[in-house]
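Values quoted throughout were computed directly from the atomic coordinates according to the rules given, and no laboratory measurement underlies them. On a predicted model such as this, the values are computed, not experimentally measured, just so you know. Here the Cβ positions follow ideal geometry from the backbone for every residue, glycine too, while neighbour counts run over all protein chains shown.
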Amino acid sequence: MSCSETDYAYLRKVVLEESASLIDPARNLWFEGRLNPIARPAVTQNVDGLVELLRVDRTPHLQRAVAEAMTINETSFFRDARPFDMLRSKAIPELIRQNQAERTLRVWSAACATGQEAYSVAMLLLEHFPELKDWDVKIVGTDLSRTVLEVARRGRYRRAEVNRGLPAKMLVKYFERDGDEWELSMQARELCEFQYANLCAPPPTLPVFDLVLMRNVLLYFSEQDRSDVFAAVHRQMDPRGFLLLGNSEQAEDSTDQFEMEFASESYFYRPVVSY
Amino acid sequence: MGEVTRQATDGFEDSGDNEEVDKQIIESGDGCNASEPRPPGLAQCGYADGGKNRMKTLIVDDSRFIRDFLKQQLQRVGHVCAEAEDGFAALSMLRSGECFDLMLLDVNMPVMNGLECVRQLREENIDAQMKVMMVTTEADHRFIELALKYGADEFLMKPFTAQSLREKLLLLGIAVAA
């Protein structure tokens, strides 16, 4: 038995409340494919049974599980390439100059999924900025799915994953093959840590970041939620920091908080400082 | 086959030419669809402008299925493609003066394997501007290092998707359509 339109509407509401993600009704069939694995452990036969259970109990962990399952975890190493060229030629050298006295660098990979973005930054720093060797560098990856965070923490990837966007020179330098998987070197993993955070909820304790990568996340948010997230990110950033969004994203509704700039064929944003 | 070839292929035996295996080498669900329309102006057997000002790619693989798949993907992003069935045939084309922007090179092929092909190519400085990407089932750490040492610019492990192929082309600085 499949879900009714009322069931789908209810599931869309649960996902919106839990993760602020808007699910297009044209993608209703996603619910069936993605929620069946949750429905079974939850002792219901199928997704419409799961909807029934959610309506009766409103169990928080089950609601979270639904939101997590519907999250899009598309990611790859050095995704889109150009933003990483900009980091190499503009953002990181500038941050190194700015933070010379403190010798600290804090990077946030927001909605990090399985960790490829955070690890790409780690490899970029190791490869091109040996002067950071004695600095206190931390790349924090956050996500609302505990399942993907576990994958990120392991730092092990399948062939299909290392085939995507990762230069062969980086693969042989920073990974070791172990059976069917490739394991990232300890040197790169030590720069990264991963923790749970929902961008639409009060943030956990996070440091002030010099660089924030929040790419291809806000596409699925409502205008109000996007605006709230930009405000939260603004509070979490150093005023001289850099914010990177996805290629098709803009902070157009938060121009009072971020100003767009362009370098190395990439757009990025700087926090607007109000006095 | 020279000494280097024997040494290089140690422990990397070919799994044989098998069309069914080749079909599994390309992962599904990546938009590979022979019936998809080609870009406007692109005829079935060539290009409206005769191929001038387009990227030229040499596809070297003993599997016709793999060659066809790669050709289809590259033509879709505007490349003009030529094909060779082994490393020796590819080298002959290049030595005769044909120039390419990119070579996609399998490893395990009869007559001359891909590793020996790239080694000779770089040693003789033939078409030095041409980028070479190995496209192979070999996935051993030591093997990838060796291919890079011999002069390959990139490495794509089979099985691969059309998307991972496009991402590797971007890494090589080769523009592809979205």
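A few remarks follow.
- For the stretch A:212-252: rounded, prolate or oblate by the Cα gyration tensor [a/c cutoff 1.5]: oblate
- Of A:Lys133/A:Lys169; A:Lys90/A:Lys133; A:Lys133/B:Lys158; A:Lys138/B:Lys131; A:Lys138/A:Lys173, those spanning more than 24 Å from alpha-carbon to alpha-carbon: A:Lys133/B:Lys158; A:Lys138/B:Lys131
- Averaged over the residues of B:163-171, the number of partner chain Cβ atoms lying within 10 Å of the residue Cβ comes to 5.
- Close amide H pairs (under 5 Å, H built 1.01 Å from N) link A:Ala263 with A:Phe268, residues at least 5 positions away or on another chain.
- Peptides B:113-119, A:140-146, A:202-208 ranked from most to least packed, by the mean per-residue count of other Cβ atoms within 10 Å: B:113-119, A:140-146, A:202-208.
- Peptide A:165-176 has a mean of 5 when you count, residue by residue, the C-beta atoms of other protein chains within 10 Å of its C-beta.
- Positive contributions from Lys and Arg (+1) and negative ones from Asp and Glu (-1), summed over other residues with Cβ under 11 Å from the Cβ of B:Glu154, come out at +1.
- Fully extending the segment from A:Ala9 to A:Asp253 would add 85.1 nm, taking 0.36 nm per residue of separation and subtracting the current Cα-Cα distance.
- On the basis of the beta-carbon distance and an R0 of 22 Å, A:Ala81 and A:Lys173 show a calculated FRET efficiency of 0.80.
- Dipole of the stretch A:81-271 [Lys/Arg +1, Asp/Glu -1 at C-beta], most positive-end residue of A:Leu132, A:Val233, A:Phe209: A:Leu132
- Under Karplus coefficients 6.51, -1.76 and 1.60, residue-wise ³J(HN,Hα) of the stretch A:229-239 in Hz, glycine/proline x: 5, 4, 5, 5, 5, 4, 5, 8, 10, 5, x
- Under the Karplus curve 6.51 cos²θ - 1.76 cosθ + 1.60, θ = phi - 60°, whole-Hz ³J(HN,Hα) for the stretch A:216-222, x wherever Gly or Pro sits: 6, 10, 7, 3, 9, 9, 6
- Local electrostatic count at A:Arg40 - Lys and Arg +1, Asp and Glu -1, tallied over other residues with Cβ under 15 Å: -2
- Positive end of the dipole of the stretch B:62-178 (Cβ unit charges, origin at the Cα centre): among B:Leu121, B:His141, B:Ser92, the Cα lying farthest that way belongs to B:His141.
- Cα→Cβ-extended label distance, 7 Å offset, between A:Ala160 and A:Ala26, nm: 2.5 nm
- The separation of the stretch A:53-122 from the stretch A:248-275, counted between C-alpha centres, amounts to 18 Å.
- Relative packing of peptides A:78-91, B:154-167 - highest average C-beta neighbours within 10 Å first: B:154-167, A:78-91
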